[in-house]
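Below is one structure, written out as C-alpha cells; the observations come after it.
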Amino acid sequence: MNKFFDLDNRKKLEFLLSDGFSLTVIQNTLNVTRSVLYTEIKKGLTAEEYKNRRYVKYSPIRAIIADIEKAVGEDSWNEVKTSYLKRKYNKKK
C-alpha cells in the first residue's frame, strides 16, 4: 500500500483535482513524483475515467478499496463485500 496517501492526503488530492489544479501544482503541493501521483489517481478512478483523463472524478474511497483489494486479494475482498451486504440486508428484516 502507498503509505503516503492516507485518507487526509487523498481528500486533499480530491479537492485539488475537483478544483481544476494542474497535475504539476498538485505534484508540488503534495510533494510526490509524477509517477506516484498518476498511480494514486488511477486507483481512485474507473478504467474508463482514467483513460479519458476524467481526473475530477477521483474518489478517495475507490482508492482505499483498490489498496484493500491489492493487500488481501480480489477474491477475499469480494467475500467481505458479500458477507457485509448479507448482514446488512438481514438486519433490516
Among the residues in the stretch 44-56, are any in a helix (DSSP H, G or I), out of contact with any strand residue (DSSP E or B) (no Cβ under 6 Å at 6 or more places or on another chain), at pLDDT below 95 and among the basic types (Lys, Arg)? no
Is it the case that some residue within the stretch 72-79 is among the small types (Gly, Ala, Ser) and closer than 18 Å to Gly20 by Cβ? no
Test: Ser59 is within 18 Å of Asp8 (Cβ to Cβ) and open to solvent by less than 90 Å² (accessible area, probe 1.4 Å): yes
Filtering the stretch 62-76 down to residues that are open to solvent by 80 Å² or more (accessible area, probe 1.4 Å) and under 14 Å from the mean Cα position of the chain (by Cα) yields Arg62, Lys70
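Being under 20 Å from Asp8 (Cβ atoms), without any contact (Cβ under 8 Å) to a residue 40 or more places away in the chain and among the aliphatic types (A, V, I, L, M) is true for just one of Val36, Val72. Which residue is that? Before the answer, list the steps.
Numbers: Val72 fails: under 20 Å from Asp8 (Cβ atoms).
Result: Val36 is the single residue among Val36, Val72 that is under 20 Å from Asp8 (Cβ atoms), without any contact (Cβ under 8 Å) to a residue 40 or more places away in the chain and among the aliphatic types (A, V, I, L, M).
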Considering only the stretch 1-32, state which residues are polar (S, T, N, Q), open to solvent by less than 80 Å² (accessible area, probe 1.4 Å), outside any helix (DSSP H, G or I) and free of Cβ contacts under 8 Å to residues at least 40 places away in the same chain. Ser22
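The values are calculated or read from the model by the stated rules, or taken from the named source; none is laboratory data. The shown structure was predicted, so the numbers you read here are calculated from the model rather than taken from an experiment. All Cβ positions, even for glycine, are placed from backbone atoms using ideal geometry, and neighbour counts span all protein chains on display. Note: areas computed on protein heavy atoms with side chains; ligands, DNA, RNA excluded. Shrake-Rupley method; radii C 1.70, N 1.55, O 1.52, S 1.80 Å.
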